[in-house]
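The values are calculated or read from the model by the stated rules, or taken from the named source; none is laboratory data. Small disclaimer: the values here were computed from a predicted structure and weren't measured. Here the Cβ is made from the backbone with ideal geometry for all residues, glycine too, and neighbour counts use every protein chain on show.
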Amino acid sequence: MSSVAVYPGSFDPITNGHIDLLERALKMFDTVIIAIAVNVGKEPLFSANERYEMIKESLSDHPLRDRVKVELLNGLLVDYVQSLNATTIVRGLRAVSDFEYEFQMALMNRKLNPEIETAFIMTGMRWIYISSRIIKEVVRSGGDVAGLVPDGVAKKLTERLSLKKSL
């Protein structure tokens, strides 16, 4: 029986920190499903379909790509995880502030479905200061994010934020 974990997030956009966490999760699980959250409470820079395409493109040459699935997530995460017969949610932690929020979410998910566990993985030191929000702020201000996000993502960020800047 193979182990399946779900790695949910907005991935707006995916960063090299996300990919590092995915690689590390694949050391523990046979398959990891990246679940792109369609969160009505957030206004993402990229549509869910654009984020899906960026993730697929970013992983297209990755040696572990056959063990990764990318899907869109609507509704309750625990319902989605259960529908896949998975038992683990993977979440990354960078700082104490991440832990506080993630801990609350893990407890709520456990209340909703006690059979589903949350596995916290510490962000690699190389990526500890990176978040999608900070990446977007840097690009908006004219900074270079090469090496922090996949090349295709950097290009799409520059194109999108250059358009927003000129409006």
query = Scanning region 88-101 for residues that are farther than 22 Å from Leu148 by Cβ and surrounded by fewer than 17 Cβ atoms within 10 Å (Cβ to Cβ), which turns out modelled with the lowest pLDDT?
reply = Val96
task = Filter region 1-33 down to the residues that are more than 10 Å from the chain's Cα centre (by Cα) and acidic (Asp, Glu), then identify the one that is nearest to Ile135 (Cα to Cα).
result = Asp20
inquiry  = For region 129-156: of the residues being assigned to a loop (DSSP other than H, G, I, E, B) and among the polar types (S, T, N, Q), which is surrounded by the most Cβ atoms within 10 Å (Cβ to Cβ)?
reply    = Ser131
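Based on what the data block shows, is Gly75 on the phi > 0 side of the Ramachandran plot and among the small types (Gly, Ala, Ser)?
On the way: on the phi > 0 side of the Ramachandran plot: yes; among the small types (Gly, Ala, Ser): yes.
Criteria met by Gly75.
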